[in-house]
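A short reminder: the numbers here are calculations on the coordinates, not readings from a lab. What you see is a predicted model, and the numbers here were worked out from it, not measured in a lab. Cβ atoms come from the backbone with ideal geometry, glycine included; neighbour counts cover every protein chain shown.
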Amino acid sequence: MIRIAHVGGWSRNYGDLALQQGQMRVMREDAPEPLDFLPIHCQQTVFHSDLIDLVNETCDLIVLGGGGMIFHRPEDSSRSGWQFNIGIEDLKRIKVPVATYGIGYNAFHFDEMKLLPNAMEHLRETQAKTSLFSVRNQGSKDALVAGGLDGDRIEIIPDPGMFVQPHAFTLPGSADADIRIGLNWAGDRPHFRFQEPWSENRQKLINALCNAFETMARTYPGMRVYFIPHLVDRIDSDVWEMFKSRLGERTINLEDSASHIYPPSFAQVGFLADAYSQMDLTIGMRGHANIVPFGMNTVPVGLGSHDKVGFFLKEAGLEQNWLSTQNEADAGGGDRIAEKLISLLGQKDVQKVAMAKCLAEFRETTRDFNKRLFELAG
């Protein structure tokens with residue numbers, strides 16, 4: 001039995017729960033013996049001396065991530081400036097092997113602060129402490145190398161959210177739809193997701209999307225748009241009424257019509273994955289709203305300004321599938337969005353073949369990394 005102290009953001013976000021489930025799944029598939037996990041929620045846990053003693057006494061290794069741990073959240077009061085809340089002196093007290101598992105650079109594009117200087121110092125100390133250090137894409141590696149980390153010791157492995165196991169889910173309103181478009185909107189931190197004035201620029205994007213869907217409905221009169229929230233407490237649904245007022249019965253919010261799978265939970269994350277698998281196309285503002293559909297062989301379209309969306313799509317060979325708002329608040333406008341989505345629907349079968357091949361390659365990369373990871377446990 002190998003016991004792993006598994007550190008990550010395991011709570012209110014369906015994407016992070018998909019990551020946790022997918023990571024545990026492939027690690028168990030690849031492990032030379034049974035695994036036991038000690039889950040440690042990084043955003044709610046300070047690594048105090050007694051916890052470090054517990055890990056040293058009962059675990060065989062510490063795995064940090066995956067997920068977008070390279071991100072400063074002031075509300076966490078993290079001593080490190082990122083999601084591993086441990087002081088440098090306490091870091092040195094850890095006796096078991098430490099590895100990072102596909103962690104990601106997660107700073108918002110319009111957040112001028114980005115990462116704090118002490119975060120980069122702590123990340124350098126963490127890298128020195130680790131036996132294996134991996135990030136989830138080239139963009140994350142580039143950001144860490146620019147911050148002073150040793151690029152020769154940074155591996156790239158895929159985000160394990162793509163390996164989440166789906167479970168059969170009854171998709172409401174599916175029977176009478178000829179095209180199903182999944183839309184994930186990220187409602188948190190809008191002042192970092194949109195250029196100032198953020199409220200006006202957010203409205204521009206909502207208008208452009210609704211214009212695009214109305215245009216597409218002329219070609220696909222039975223089109224249905226599924227609003228797919230990832231966060232608790234209707235955070236991702238805070239703009240739902242703006243879409244509903246424009247799209248009417250053409251759109252369904254899973255947080256209302258499938259409220260039995262909310263709030264997000266580890267036990268129910270497979271249902272969300274299956275919902276993504278039933279879409280013809282998905283549009284995702286969150287990283288995992290692209291990563292999970294990709295794993296389900298559903299064509300993802302990135303939306304918004306967050307660099308991690310572009311990082312993943314480039315890693316998967318889908319860099320053209322990004323409706324970026326880094327330079328244009330409305331992602332080019334409704335006509336351009338409609339043209340892009342209709343074109344991708346026409347290329348769907350070709351992209352799905354390429355995605356399946358890429359997913360198999362990602363799985364081989366993960367298998368190789370896992371083999372070396374378990375060797376650390378002795």
Among the residues that make up segment 232-244, is at least one of them in contact (Cβ under 8 Å) with a residue 40 or more places away in the chain, buried (at least 16 other Cβ atoms within 10 Å of the Cβ), β-branched (Val, Ile, Thr) and under 16 Å from HIS288 (Cβ atoms)?
yes
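In segment 178-192, what residues are in contact (Cβ under 8 Å) with a residue 24 or more places away in the chain and either more than 20 Å from ASN253 (Cβ to Cβ) or surrounded by fewer than 16 Cβ atoms within 10 Å (Cβ to Cβ) (or both)? Don't jump to the end; show me each part of the working.
Looking only at segment 178-192, we keep the residues that are in contact (Cβ under 8 Å) with a residue 24 or more places away in the chain, and these are 178-189, 191-192.
ASP178, ASP188, ARG189, HIS191, PHE192 - these are the residues of segment 178-192 that are in contact (Cβ under 8 Å) with a residue 24 or more places away in the chain and either more than 20 Å from ASN253 (Cβ to Cβ) or surrounded by fewer than 16 Cβ atoms within 10 Å (Cβ to Cβ) (or both).
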Hand me the list of helices (runs of 4 or more DSSP H) wholly inside segment 197-312 holding 3 or more residues that are farther than 30 Å from LYS141 by Cβ and under 24 Å from the mean Cα position of the chain (by Cα).
198-219, 254-257, 269-277
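Quick check, is GLY295 surrounded by fewer than 23 Cβ atoms within 10 Å (Cβ to Cβ) and small (Gly, Ala, Ser)?
Values: surrounded by fewer than 23 Cβ atoms within 10 Å (Cβ to Cβ): no; small (Gly, Ala, Ser): yes.
In short, no.
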